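Here's the structure, in structure tokens; my notes come after.
The values are calculated or read from the model by the stated rules, or taken from the named source; none is laboratory data. None of these values were measured; they are calculated from a predicted model. Ideal geometry is used to build each Cβ from the backbone, glycine not excepted, and the neighbour counts take in all protein chains shown.
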Amino acid sequence: MNSSENFAPRLQSRRISGIVFGAACFLATLTGVFFLLILLGSVIVAATSRYTADGSPKPSISISQLPGEVSRLTTKFSSSQAPRAGFKAGIVGSLWLLVLVLLLAIPVGVGAAVYLEEFASPGRIRDLIQLNISNLAGVPSIVYGLLGLSLFVRAFGFKSIGLGETLWAGGLTLSLLVLPVVVIATREALRSVPPSLRQAALALGATKWQVVRDHVLPSAVPGVLTGTILAVSRAIGETAPLLMVGAAGAIFRLPKGPSSLYTALPVEIYNYAKLPNQSFRSIAAGGILILLAMLLTMNSVAIVIRNRYRVPSR
Amino acid sequence: MTTSPQDLETSAKLWAGPSRFRYLQEVSVHAFLLACALVTVLTTLGIVLVLGVETIRFFSITGISPWAFLSGTELDPDNSPPEFGILPLIWGTVVIAAGSSVIALPIGLLSAIYLSEYAPQRVRAFLKPALELLAGVPTIVYGYLALMLITPVLQAVLEPTFKVQSYNILSACIVVGIMIIPMVSSLSEDVLSAVPRSLREAAYGLGATKFEVSTRIVLPAGLSGVMAAFILAVSRAVGETMAVVLAAGTSRKLTFNPLESLQTMTAYIVGVTSGEASAGSPESLSLFAVGTTLFLITLVLNILSNFILKRFRESYQ
């Protein structure tokens, strides 16, 4: 029996199934982009629509009204009357949280990453810490909220040392939340520093810390900054843990310091969005645009840093 | 350049020798960095301790057995005596995780195959950042989208044949599905791109088409990584909170109807927090018991994902 008799190339049907599959893959990839556009479009439409008091639609706002609307949303406190509601307290609260997370999470996260990459000798302890970090990265954010509630806000019921529902409690909770991501991003950046750099410095008699401080960290800075800024920008969009640790809805004063009560932009968005009134939903959409603008700014900063300091590959 | 013995002598004098200060500096820096790394371990210990202690307090105060807690079908903290059976919440979580996976896993896998096998360099350079942007959108925005866009569209399409509640499971599945697509696609794409070129070239050399290479060579070679990505995505869907709170509402029942409202474990936690439960009350302690259940489910999924990745990894030289 000749094996070539059994050979049926079926070129036509194979070609067609290939084309169909390729098209399916392409379309699947486009769904993501498609939804990104839908998401932006519908939020913009919702933010610019206006409703009368009884909920029927009015003509949406015109271009000339836009600056006024933006300044209202950014300079007014929250209100039970839609035309006067804004996000001033939330924006300021979120910026406070941002600063706290930057100050708390970045030093500790970078320190932990430097330890794991440069100092720790391979072995049990390093493996344990690594496993632990990868598991922490998968813990749902609301569980961090529970941790923050019990540990930072209430201090297990010891009222005198509990932080209460203050910016400190929110900032600490969010810092723990982003810590694993900061560590993972920093380790990536440290790994891209060529070993020859370390070897050269060590050969000249530098100590481990001198090698890290004077050579490894400076050349890893762009990568570290990019990764950590992206990680921290995650924290700004988090809502659930902040609801748990008491970012209250209606606050009509700006926080004076980290031990003040506060609210955050995503929390205010949530409070408006769950109201049944259409007017408030359009306010929430305005808040979402402000939040997205903040995130986009942080992402752009990260990209600029990456491009500006990109070391030509050797 | 020549070096005279004198030069050597002066330079030897310039070197102060191993200094005590530098040694101290080295040791203290090492200790500080180790402390930073230990913060992550302490975080885990903190989570386990907080959840454990409060969960034990919950069970001892209410006198409910863990089994009755997990399998009870009545959840009504305001009743007297309060009832805490979280099966409806577990059901809600499972339904929404399964529904969103049905949407996200095929789409995510197909886009991973497109990005790794089909996409020309320039298309890829545009699509990958777009997917990353999608992953960076805060979850509250997805919840808003479900409430404002997807539910009204569903109502317009399905009503009056079916009754679509303003909070419903289907819209939650759709938004959570969209939300985890970037995770599935980027993790899977990393694995598929790592399959060595030589495998593909060998298949092409035998006359395989691109479709056959993608589905019969590359995908099986990267299967363990793809499975690991799937499980991580499911774990993410289980822990998802704000999108589900805004999309799926607060009903607690064992329903099969995707157009009805259903509460998940995460949504229950948020619901109780926004309520008036005082610290130490059974209702407020039930948060931690539900949180423990949630934590254990995601932990098992994450460990399983890690295990699959390690155990079934194909290694190529």
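Looking at segment A:231-251, is at least one residue of a type in the set (S, T, N, Q) and either part of a loop (DSSP other than H, G, I, E, B) or under 30 Å from A:Tyr51 (Cβ atoms) (or both)? The answer is yes, given that some residue of segment A:231-251 is of a type in the set (S, T, N, Q) and either part of a loop (DSSP other than H, G, I, E, B) or under 30 Å from A:Tyr51 (Cβ atoms) (or both). Being more than 28 Å from B:Met227 (Cβ to Cβ), within 13 Å of another protein chain (Cβ to nearest Cβ), part of a helix (DSSP H, G or I) and touching a strand residue (DSSP E or B) at 6+ places or on another chain (Cβ under 9 Å) holds for only one residue in B:Phe69, B:Phe58, B:Phe126, and it is B:Phe58. Residues that are of a type in the set (Val, Ile, Thr) and either under 28 Å from B:Val94 (Cβ atoms) or more than 23 Å from the chain's Cα centre (by Cα) (or both) within segment B:34-72 comprise B:Thr43, B:Thr44, B:Ile47, B:Val48, B:Val50, B:Val53, B:Thr55, B:Ile56, B:Ile61, B:Thr62, B:Ile64, listed in sequence order. Which of the residues belonging to segment A:211-230 are more than 28 Å from the chain's Cα centre (by Cα), surrounded by fewer than 17 Cβ atoms within 10 Å (Cβ to Cβ) and not charged (D, E, K, R)? Matches in segment A:211-230: none.
Please go through segment B:73-85 and give me each residue that is in a loop (DSSP other than H, G, I, E, B) and under 14 Å from B:Met265 (Cβ atoms), ordered by number. Within segment B:73-85, B:Gly85 is the sole residue that qualifies. For segment A:246-292, what are the residues that are more than 9 Å from chain B (Cβ to nearest Cβ), without any contact (Cβ under 8 Å) to a residue 12 or more places away in the chain and closer than 28 Å to A:Leu40 by Cα? Matches in segment A:246-292: A:Leu275 only. Take the conditions (1) closer than 19 Å to B:Leu309 by Cβ; (2) hydrophobic (A, V, I, L, M, F, W, C); (3) in a loop (DSSP other than H, G, I, E, B); B:Leu219 misses just one of them, which is (3). Looking across segment B:184-215 at every residue that is surrounded by 18 or more Cβ atoms within 10 Å (Cβ to Cβ), over 19 Å from A:Ala8 (Cβ atoms) and away from chain A (no Cβ under 11 Å), the one that is nearest to the chain's Cα centre (by Cα) is identified as B:Leu187. Within segment B:131-154, being farther than 19 Å from A:Leu275 by Cβ, free of Cβ contacts under 8 Å to residues at least 12 places away in the same chain and more than 9 Å from chain A (Cβ to nearest Cβ) holds for one residue alone: B:Val153. Going through (1) more than 28 Å from the chain's Cα centre (by Cα); (2) surrounded by 11 or more Cβ atoms within 10 Å (Cβ to Cβ) one by one, A:Thr31 falls short only on (1).
Residues in segment A:208-245 that are within 12 Å of chain B (Cβ to nearest Cβ) and touching a Lys or Arg at 6+ places or on another chain (Cβ under 6 Å): A:Val211 only. Criterion applied to B:Ser284, B:Ser274 was being crowded, with 18+ Cβ neighbours inside 10 Å and free of Cβ contacts under 8 Å to residues at least 24 places away in the same chain, and the one residue passing it is B:Ser284. Take the conditions crowded, with 21+ Cβ neighbours inside 10 Å and in contact with a Cys (Cβ under 7 Å, 6 or more places away or on another chain) and apply them to B:Ile96. Does it pass? Spelling it out, B:Ile96 is indeed crowded, with 21+ Cβ neighbours inside 10 Å and in contact with a Cys (Cβ under 7 Å, 6 or more places away or on another chain).
For segment A:113-161: of the residues being of a type in the set (S, T, N, Q) and part of a loop (DSSP other than H, G, I, E, B), which is nearest to the other protein chains (Cβ to nearest Cβ)?
A:Ser121
In segment B:224-242, the residues that are away from chain A (no Cβ under 12 Å) form Cβ pairs under 6 Å with partners that are part of a loop (DSSP other than H, G, I, E, B), at six or more places apart or across chains, as follows: B:Ser224/B:Phe312; B:Ser224/B:Arg313. When residues in segment A:258-311 are screened for being aromatic (Phe, Trp, Tyr) and either assigned to a helix (DSSP H, G or I) or at pLDDT 90 or above (or both), 3 of them pass. Evaluating B:Thr161 against the criteria (1) polar (S, T, N, Q); (2) part of a loop (DSSP other than H, G, I, E, B); (3) over 27 Å from B:Val244 (Cβ atoms) leaves one unmet condition, (3).
Checking each residue in segment A:179-197 for being surrounded by 14 or more Cβ atoms within 10 Å (Cβ to Cβ) and without any contact (Cβ under 8 Å) to a residue 24 or more places away in the chain picks out only A:Leu197.
Kindly establish whether A:Gly164 is of a type outside the set (Phe, Trp, Tyr), more than 7 Å from every other protein chain (Cβ to nearest Cβ), part of a loop (DSSP other than H, G, I, E, B) and touching a residue at least 40 places away in the same chain (Cβ under 8 Å). Yes, satisfied. For segment A:101-110, indicate whether the set of residues that are facing chain B (nearest Cβ under 10 Å), aliphatic (A, V, I, L, M), over 30 Å from B:Val238 (Cβ atoms) and not in a loop (DSSP other than H, G, I, E, B) is non-empty. Scanning segment A:101-110, I find at least one residue that is facing chain B (nearest Cβ under 10 Å), aliphatic (A, V, I, L, M), over 30 Å from B:Val238 (Cβ atoms) and not in a loop (DSSP other than H, G, I, E, B), so the answer is yes.
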